[in-house]
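The values are calculated or read from the model by the stated rules, or taken from the named source; none is laboratory data. No experiment lies behind these values; they were computed from the predicted model shown. Note that we place each Cβ from the backbone using ideal geometry, even for glycine, and neighbour counts take in every protein chain shown.
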Amino acid sequence: MISNKELTHRHILVFWLPLLATLIMMMAEAPIIASFIARLPDPKYNLAAFGVAYSIAMFFESPVIMMLSASTTLVRDRHSFLVLRRFAYLLNGLITILFVLALTPPVYGFFVAGLIGLTHPISRLTYVACLILLLWPAAIGYRRFYQGILIRNDLTRRVSYGTVIRLFSMTLTALFLYFYGEMAGAYVGAASLSVGVLAEAIASRLMVNRTIARLLHKDSQPYQDSPLDFRHLVKFYAPLAASSMLGLGIRPVVTFFMGKSLFPIESLAVYPVIYGLVGIFYTFGWSFQEASIALIGEHLKNFGKLLTFTLGLGLFAAGGLSIIAFTPLSVVWFQDITGLSSELTGFSIRPVQAVSIIPFLHVVVSFFIAVLIATKVTKAVIKSTAIEFSIIVLFLFIGIHHMRMVGIMAAVIALLLGRFSSLAYLSIPLYTGVKGKGSR
């Protein structure tokens, strides 16, 4: 393992780049699927239905998103592998059961027709798309468990190979159903996503076979804090799952407030486009979090070199977004590539400029979270997410209802302040933990 060797910045870069490539490829999923649905009959209804079904599936996926971090952190030997595998399988089974219950007619009708207010055609399309996506959250949890083992054992390229298989399977399925399936677009999108993730899950399991064989022959190692059992697992993992679920709630909250702001239509129209652009640079932080967990080493011995790399990576990510935001490339991106009108392009530029520093903050926050997960201080993660969520809601309420701000500007400033608050809070337990470990 690299984490037990003397690290250089080159080693960190080589280890991390496949994880970045994985996330960038995953970001290509939505545009690919949307391009197929848009070319099938009734694209407006089917795109809307697929979007709602995808959001519902993501909600049920949220408890298992952090399984990647948990596996990377905890799987060291035979005992830890078997305990965490049992925990992962039980969690996957639980979210699948809850998904089934959510799709029973009374529950589904209450939320989708009653609260969201979908009309019958879209509601029916969404329901069937959700049925097709029923195993998708559990498949995500399954493959993230095994991908964490790959990452911990310096096999990050195999994680990228799995994502290539996922994209290939997804696209091949979409092409087949597009030409021969005679299915509604929402069903094509859901089926393609499901096949892609299932293929990636199987590939991840096959690629980790030899590593698991070694783990099963590796005697249990003593843990510094406490033995790994279900009680300690729940204590470690529950804050991570709650943080993930709360984090996913930020986007719909922002959308709700913008709908009641000045220029609501324009704000709602450009928000997903701006979010998509910023999201490209968010991948730097998301991918580096798992790399940091794997590379931090015993007693946080590699903290200093990883922190230096983090600061450089954050500046690079923020610089990349700034180059687009503050140059004519912004017009090229929003108008020529994304296809926004000149009016909406002008509406998008200032908000992007306002958050051009946020990729830097995100990379640093991701590194801080990685260190806290590695030291098993996971309660701080949910607290930071709760603080960020609260700051975002508070500023949106003040900015839109009292300051009468344009919706999209209130949204991006709220997101920026929320990320600043998260960083400020995380620095406290991070300093305490690093000082306690005696890291230099």
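For the reader, a short list of remarks on this structure follows.
- Of all residues assigned to region 119-131, at least one qualifies as being buried (at least 24 other Cβ atoms within 10 Å of the Cβ), modelled with pLDDT of 90 or more and either farther than 15 Å from ILE65 by Cβ or out of contact with any strand residue (DSSP E or B) (no Cβ under 6 Å at 6 or more places or on another chain) (or both).
- Among residues of region 23-66 being part of a loop (DSSP other than H, G, I, E, B) and of a type in the set (D, E, K, R), the one that is nearest to the chain's Cα centre (by Cα) is ARG39.
- Selected residue [part of a helix (DSSP H, G or I), assigned by TED's automatic domain parsing to the domain that holds GLN353 and in contact (Cβ under 8 Å) with a residue 12 or more places away in the chain] from ILE413, ILE398: ILE413
To keep it simple, each residue is scored yes or no on (1) closer than 28 Å to ILE202 by Cβ; (2) without any contact (Cβ under 8 Å) to a residue 60 or more places away in the chain; (3) among the β-branched types (Val, Ile, Thr).
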{"residue": "THR72", "(1), (2), (3)": "yes, no, yes"}
{"residue": "VAL83", "(1), (2), (3)": "yes, no, yes"}
{"residue": "ASN92", "(1), (2), (3)": "yes, yes, no"}
{"residue": "PHE99", "(1), (2), (3)": "yes, yes, no"}
{"residue": "PRO106", "(1), (2), (3)": "no, yes, no"}
{"residue": "LEU125", "(1), (2), (3)": "no, no, no"}
{"residue": "ILE140", "(1), (2), (3)": "yes, no, yes"}
{"residue": "PHE145", "(1), (2), (3)": "yes, no, no"}
{"residue": "THR156", "(1), (2), (3)": "yes, no, yes"}
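- LEU340 vs. criteria in the same structural domain as PHE420 (by TED's automatic domain parsing), among the aliphatic types (A, V, I, L, M), within 23 Å of VAL270 (Cβ to Cβ) and not in a helix (DSSP H, G or I): yes
- All of ILE387, ILE391, ILE428, ILE408 fail the test of being of a type in the set (Val, Ile, Thr) and within 22 Å of SER348 (Cα to Cα), apart from ILE408.
- You will find that of LEU313, LEU361, LEU307, LEU344, the residue that is in contact (Cβ under 8 Å) with a residue 60 or more places away in the chain, in contact with a Gly (Cβ under 9 Å, 6 or more places away or on another chain) and either among the hydroxyl-bearing types (Ser, Thr, Tyr) or surrounded by 14 or more Cβ atoms within 10 Å (Cβ to Cβ) (or both) is LEU361 and no other.
- Residue check, ILE373 buried (at least 19 other Cβ atoms within 10 Å of the Cβ) and touching a Lys or Arg at 6+ places or on another chain (Cβ under 8 Å): no
- Flag for ILE37 being within 30 Å of PHE176 (Cα to Cα), of a type outside the set (Ser, Thr, Tyr) and touching a Cys at 6+ places or on another chain (Cβ under 7 Å): no
Table: residues versus (1) crowded, with 21+ Cβ neighbours inside 10 Å; (2) of a type in the set (A, V, I, L, M, F, W, C); (3) in contact with a helix residue (DSSP H, G or I) (Cβ under 6 Å, 6 or more places away or on another chain).
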| residue | (1), (2), (3) |
| --- | --- |
| LEU17 | no, yes, no |
| LEU20 | no, yes, yes |
| PRO31 | no, no, no |
| ASP42 | no, no, no |
| MET67 | yes, yes, yes |
| THR72 | yes, no, yes |
| ARG78 | no, no, yes |
| PHE81 | yes, yes, yes |
| LEU94 | no, yes, no |
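- Residues satisfying the stated conditions in region 148-160, i.e. part of a helix (DSSP H, G or I) and farther than 21 Å from VAL64 by Cα: ARG157
- Residue selected from region 343-372 under the condition among the polar types (S, T, N, Q) and in a helix (DSSP H, G or I), by the criterion farthest from HIS299 (Cα to Cα): THR345
- Qualifying helices (runs of 4 or more DSSP H) (wholly inside region 162-275; at least 2 residues being closer than 28 Å to PRO43 by Cβ, among the small types (Gly, Ala, Ser) and touching a Phe, Trp or Tyr at 6+ places or on another chain (Cβ under 7 Å)): 185-207
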